[in-house]
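Just so it is clear, none of the values below were taken in a lab; they were calculated from the coordinates. Computed from a predicted structure; not experimentally measured. Don't worry about glycine lacking a Cβ; one is built from the backbone with ideal geometry, like all the others, and counts go over all protein chains shown.
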Amino acid sequence: MIKVLFICHGNICRSPMAEFILKDMVQKRGIENQFEIASAATSTEEIWNGKGNPIYPPAQAELIKHNIGNTAYTNFSSKRARQVTREDYAHYDYLLCADSNNIRNTIRITGPDMDDKIKLLLDFTDCPGRSIADPWYSNRFDETYRDIVAGCEAFLKYLETAQKL
């Protein structure tokens with residue numbers, strides 16, 4: 001089983017979009033049973049009294065626009081923001097971040113990346129080192145969606161090439 005945790009600042013835009021985009025991709029390929037896919041935040045800004053906020057409505061709308069969310073596996077209606085934990089580092093094989101600040105803050109929470117698990121999602125593309133713009137600020141959910149799709153496709157190709165699939 002390949003365990004993937006997507007990480008962004010608040011876990012209401014980029015990382016949950018990535019979680020459900022990858023779930024959609026692996027389901028369409030018929031390999032969803034080979035994956036555990038989740039997402040988390042580096043901050044607690046979207047978590048109140050122990051309960052996380054749902055996916056930001058414009059991010060939900062972008063997923064729906066691409067027919068994501070209409071199967072039991074890709075249904076995101078119960079997704080709530082949560083913060084990454086030290087235990088997540090041991091549990092997941094890949095901790096894929098949206099930007100370099102997310103990497104730094106993830107390491108602050110999990111401790112040093114001794115197993116080289118923490119990466120930018122776009123490191124798997126032909127643009128390594130590039131961040132995925134935060135649509136909370138840009139309001140360009142379409143651009144964020146395209147970047148995440150490119151990153152997830154490249155990640156799946158990496159797994160195939162590395163014979164992990």
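Worth pointing out:
- Flag if Leu121 is touching a Gly at 6+ places or on another chain (Cβ under 6 Å), closer than 19 Å to Ile2 by Cα and of a type outside the set (S, T, N, Q): yes
- Taking the criterion of being over 19 Å from Pro58 (Cβ atoms) and either within 14 Å of the chain's Cα centre (by Cα) or of a type in the set (Gly, Ala, Ser) (or both), the residues of the range 149-165 that qualify are Ala150, Gly151, Cys152, Glu153, Ala154, Phe155, Leu156, Ala162.
- As a summary of the residue check, Asn70 satisfies the conditions (1) within 16 Å of the chain's Cα centre (by Cα); (2) over 21 Å from Trp136 (Cα atoms) except for the one numbered (1).
- Scanning the range 25-40 finds one or more residues that are closer than 25 Å to Asp113 by Cβ, touching a strand residue (DSSP E or B) at 6+ places or on another chain (Cβ under 7 Å), of a type in the set (D, E, K, R) and surrounded by fewer than 23 Cβ atoms within 10 Å (Cβ to Cβ).
- Test result for Ile55, aliphatic (A, V, I, L, M) and out of contact with any Pro (no Cβ under 8 Å at 6 or more places or on another chain): no
Conditions tested, residue by residue: (1) within 14 Å of the chain's Cα centre (by Cα); (2) of a type in the set (Ser, Thr, Tyr).
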position	(1), (2)
Tyr89	no, yes
Tyr94	yes, yes
Gly111	no, no
Met114	no, no
Trp136	no, no
Asp147	yes, no
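- When residues of the range 127-165 are limited to those that are in contact (Cβ under 8 Å) with a residue 60 or more places away in the chain and exposed (fewer than 15 other Cβ atoms within 10 Å of the Cβ), the one nearest to Leu96 (Cα to Cα): Lys164
- Any hit, the range 26-41, residues being aromatic (Phe, Trp, Tyr), under 19 Å from Asp142 (Cα atoms) and over 12 Å from the mean Cα position of the chain (by Cα): no
- Within the range 84-105, residues that are without any contact (Cβ under 8 Å) to a residue 40 or more places away in the chain reach partners that are not in a strand (DSSP E or B) with beta carbons closer than 6 Å, at six or more positions or on different chains, in the pairs Arg86/Thr110; Tyr89/Thr110.
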